[in-house]
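The values are calculated or read from the model by the stated rules, or taken from the named source; none is laboratory data. Because the structure is a prediction, the values reported are computed rather than measured. Virtual Cβ from ideal backbone geometry, glycine too; neighbours counted across all protein chains shown.
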Amino acid sequence: MENDDMHKLVFLALTSSESLMAEISGVYDSPQEKAKSPYIMLGTLRESPGPLVHELDTEGYLDVHIWSDYQGKKEVLRLVQLVQEALYDVEGSHYEGMEILQEKFENRRWHHGVTTFRFYLGV
């Protein structure tokens, strides 16, 4: 699986999740000025070359960013759970962890959840 394929699979898995899409305004691959809270942005793709099983095997890592202007962590934590559920059946995906940051933009406080998933990118 190529990095581009991984990105497409994740996007498809997230946007196909009815429970996730009912809670967010959208899934984006770049920042959106007018996106309504909460929303998800696919972030950094990183690759770690093998060999794992075969000399051409690699692992890929993808950050999924959850943005919420809800004034607590509850919404982000719920959305992290829905993202995990949506990506559970994506072949080769493994949840690596998450962190929640608090940021301020244009006089609004945002909770920014960053979840990282690892993918096996075999030959």
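So the check is Cβ under 6 Å with 6+ separation or different chains; which pairs have a first residue in region 16-28 that's within 23 Å of Thr44 (Cα to Cα) and a second one that's of a type outside the set (A, V, I, L, M) and assigned to a strand (DSSP E or B)?
As it stands, the answer is Ile24/Tyr39; Ser25/Tyr39; Gly26/Tyr39, since those pairs meet every condition given.
Consider only pairs whose beta carbons are under 6 Å apart and that are at least six residues apart or on different chains; among these, list those whose first residue lies in region 95-106 and is in contact (Cβ under 8 Å) with a residue 12 or more places away in the chain and within 22 Å of Tyr61 (Cβ to Cβ) and whose second residue is outside any strand (DSSP E or B) and among the hydrophobic types (A, V, I, L, M, F, W, C).
So the pair list comes out as Met98/Val80; Ile100/Val76.
Looking at this structure, is Ser30 farther than 17 Å from Gln84 by Cα, out of contact with any helix residue (DSSP H, G or I) (no Cβ under 9 Å at 6 or more places or on another chain) and at pLDDT 85 or above?
When the stated conditions are applied, Ser30 does not pass them.
Tell me, which residue of region 64-123 that is within 19 Å of Gln32 (Cα to Cα), in contact with a strand residue (DSSP E or B) (Cβ under 8 Å, 6 or more places away or on another chain) and among the basic types (Lys, Arg) is surrounded by the fewest Cβ atoms within 10 Å (Cβ to Cβ)?
Of everything passing the filter in region 64-123, Lys104 is surrounded by the fewest Cβ atoms within 10 Å (Cβ to Cβ).
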